[in-house]
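Asks: Please read through the structure below; I'll follow up with questions.
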Amino acid sequence: MDDFVFVSGRLCLDLVGTQLWRRSRRTELLRFPDDLRRWITQAEVLDAPGPLDERDLSRVCRLREAVYTLVRAWPPAPQDRQALRDALAEVNEAARLPLPRHQLDESGCLARTGGIDEVLGAIARDAVDLLGGADFARMKECANPECTRLFIDLSRSAARRWCGMAECGNRQKVANYRMRQRRQPAP
Ligand SMILES: [Zn+2]
């Protein structure tokens, strides 16, 4: 069952997107350890995560919120640095964890293995690379004011506005179409 979406272009932002509509109808998609197990598999961080528990889930959600805090306020103005210190420490600490092991077998198949530490390491490493790299300048929030999904706009024209979910771009397109229809004189 493919139920999570990966439209952000970055692992750490796709994880941030597992909490929807953060300013209004805040909705948690990672409610149980099994949700996290499915996300890890669908995100292709590990092929087959072992059993996960509530503590693993809370570690990932803590890191997720620290990443969200940082990306919303990055780079920090001098007066904000104190407020971001905890989130920065959280992300930097996780970025020191080991990464998933990637190995090829003789048939050419890639195997990705590790535990929850490697998952946290991969997410934090991606966040640190994003915040410290050139792609961060292309980070946008979806133009649907309700939707709080973040993505990296790598389009050549840098004109991407929507996260890509049906409830965002499509709804707006339908509204624009109706508006144009109304403006046209009746035959
Ligand atoms: Zn959206």
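Asks: Being in a helix (DSSP H, G or I) and modelled with pLDDT of 95 or more: is that true of Arg22 here?
Replies: No.
Asks: So which residues in region 137-156 are surrounded by fewer than 18 Cβ atoms within 10 Å (Cβ to Cβ) and part of a loop (DSSP other than H, G, I, E, B), if there are any at all?
Replies: Ala143, Pro145, Glu146, Asp153, Leu154, Ser155, Arg156
Asks: Taking Asp117 as the residue in question, decide whether it is away from the ligand (no atom under 16 Å from the Cβ), surrounded by fewer than 16 Cβ atoms within 10 Å (Cβ to Cβ) and either in contact (Cβ under 8 Å) with a residue 12 or more places away in the chain or under 16 Å from Val7 (Cα atoms) (or both).
Replies: Taking the combined requirement at face value, the residue satisfies it.
Asks: For region 83-122, enumerate the residues that are among the hydrophobic types (A, V, I, L, M, F, W, C) and touching a helix residue (DSSP H, G or I) at 6+ places or on another chain (Cβ under 8 Å).
Replies: Leu84, Ala87, Leu88, Val91, Ala94, Ala95, Leu97, Leu99, Ile116, Val119, Leu120, Ala122
The values are calculated or read from the model by the stated rules, or taken from the named source; none is laboratory data. Owing to the predicted nature of the structure, the values given are computational and were not obtained by experimental measurement. Every residue, glycine as well, gets a Cβ built from its backbone with ideal geometry; the counts of neighbours run over all protein chains shown.
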